[in-house]
Amino acid sequence: MEPAPQAQTHTVERQLVGDFLVARDAQSFHQLYQYATPYLYQFILRLIGGNENDAQDILQDVWIRAVERLAEFRWESSLRTWISGIAVNRCREFFRQRAKSQVGVSDEEFGMPFTVDSPSQRIDLEDAIARLPHGFRAVLVLHDIEGWTHEEIAVLLEIEPGTSKSQLSRARKAVRHMLSED
Amino acid sequence: MSTHDHKLSPEEHKRFVSLSRHRVPPPHLEENIMNELRERELMKTESQSGWNLFSKIAAVLVFLIIGGVSGFLVGKSETTGSVPDPNNQLYVLLIRESPTSRGGQDLVTEYSQWAAGVHNSGRYITGEKLRDSGRILKKIGVSASSQEGKQILKKIDGSIAVIDTLFNQGEGELGGYFIIEAKDYDEAVKIASQCPHLKYGGTIELREIEPT
């Protein structure tokens, strides 16, 4: 099924958000949740590399934060883009917390070099993306799957657009390497 | 995948965008999230749904007005406080909400006691909650920028834009009103200043209703 035109999507989103802000009841939240969650959950899963338990914890936090801020949302972007931004930031916190709790494990921050071992077995594209360091994975997911621009990614991840471009290039190279059959 | 450069080939691009964009989490997660939202008072509990603070207060007022609390009226005429005295003035208290002015059952009780107190003093009082959603009518060409982000253009009727709006999005929005009777402004201020809405961070705009 083709995605709805942008204007139509915005109208649907405004209606769902408006209904929830007025009622704040289970029914209106259910409608909003059902609309956004399947996309959001898949997005979070990719950003963190596929762990479902972690993704569910993050999804819960993202919804709490989104509802806390929903009345202040000014529709400068779509609801989906806005809530994706909250998800990206929550995922970054997740990696920072994990790095602190794992002494000696690299934080894999943006701009740090990384190497990818030769593939020992056939993996698919989803697996290859999941194996990227999280900073590189975020740029690749946002740009190549979600269609964000480097400028948008730079603002969200607090990096330079040039850094986003170079990391995307290296992430693509790593994915190709992992998917290669030699 | 191509290995000669780092730009995506059309085939690679197609593979990326064809990846699944949806995945449904376990069903229990939605209920967990709702419970968390309720604990944080970001969502109504089931008992609150459809029965908010002002609805309860309005019901109390109706109860007072129809004489359902005749026990409060001992020693007074049955109609005292039920209709305005023509020798007094009517004032409207515009109740403006703030995030901290939302309260629970204690606040409802306090409002009810305040309203009952005004009624028992022999002064007329009534009130209503305003719905959170409404419509703004603007002549085409008049800037609506101050309301930007809250509005959905509903329809345009001739030269007038009719705009659906949510009014529950910030401090100072009009949430309801009371009409009280007082002999003058000073007494009206005295009555209004005892309204518990102020105690919980809300504001009240007091205006005299011009006699017709």
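Annotations
- Only a single item in (1) closer than 30 Å to B:Ala115 by Cα; (2) of a type in the set (A, V, I, L, M, F, W, C); (3) at pLDDT below 85 is not met by B:Val17, and it is number (1).
- Breaking point among (1) more than 8 Å from chain B (Cβ to nearest Cβ); (2) without any contact (Cβ under 8 Å) to a residue 12 or more places away in the chain, for A:Glu13: (2)
- Any chance A:Leu79 is more than 18 Å from B:Leu29 (Cβ to Cβ) and either facing another protein chain (nearest Cβ under 10 Å) or surrounded by 18 or more Cβ atoms within 10 Å (Cβ to Cβ) (or both): yes
- When restricted to residues that are in a helix (DSSP H, G or I), touching a residue at least 24 places away in the same chain (Cβ under 8 Å) and either more than 9 Å from every other protein chain (Cβ to nearest Cβ) or buried (at least 21 other Cβ atoms within 10 Å of the Cβ) (or both), the stretch A:152-180 contains 11.
- Selection of the stretch B:12-25 for residues being assigned to a loop (DSSP other than H, G, I, E, B) and either in contact with a strand residue (DSSP E or B) (Cβ under 9 Å, 6 or more places away or on another chain) or more than 7 Å from chain A (Cβ to nearest Cβ) (or both) yields only B:Ser18.
- Cβ-Cβ distances below 9 Å connect the following pairs, each with a first residue in the stretch B:16-28 that is among the hydrophobic types (A, V, I, L, M, F, W, C) and surrounded by 11 or more Cβ atoms within 10 Å (Cβ to Cβ), a second residue that is assigned to a loop (DSSP other than H, G, I, E, B) and modelled with pLDDT of 85 or more, and a separation of six or more residues or different chains: B:Phe16/B:Leu8; B:Val17/A:Gly147.
- Residues in the stretch B:169-187 that are among the charged types (D, E, K, R) and surrounded by 13 or more Cβ atoms within 10 Å (Cβ to Cβ) were compared, and the one that is modelled with the lowest pLDDT is B:Glu171.
- Conditions (1) in the same structural domain as A:Gly147 (by TED's automatic domain parsing); (2) at pLDDT below 90: number failed by A:Ser77: (1)
- Applying the condition of being of a type outside the set (A, V, I, L, M, F, W, C) and assigned to a loop (DSSP other than H, G, I, E, B) to the stretch A:128-151 and asking which residue is nearest to A:Ser164 (Cα to Cα) yields A:Thr149.
- The one condition in (1) within 15 Å of A:Ile83 (Cα to Cα); (2) buried (at least 16 other Cβ atoms within 10 Å of the Cβ); (3) more than 7 Å from every other protein chain (Cβ to nearest Cβ) that A:Ser28 fails to fulfil: (1)
- Residue in the stretch A:50-70 that is facing chain B (nearest Cβ under 7 Å), of a type in the set (Val, Ile, Thr) and under 24 Å from B:Glu39 (Cβ atoms) present: yes
- Near pairs, Cβ below 8 angstrom, 6+ apart or cross-chain, from the stretch A:129-148 (modelled with pLDDT under 90) to any residue that is part of a loop (DSSP other than H, G, I, E, B): A:His134/A:Gly49; A:His134/A:Glu108; A:Gly135/A:Glu108; A:Gly135/A:Glu109; A:Gly135/A:Phe110; A:Gly135/A:Gly111; A:Gly135/A:Met112
The values are calculated or read from the model by the stated rules, or taken from the named source; none is laboratory data. Quantities reported herein were computed from a predicted structural model and do not represent experimental measurements. A quick note on method: Cβ atoms are made from the backbone with ideal geometry, for glycine too, and the neighbour counts reach across all protein chains shown.
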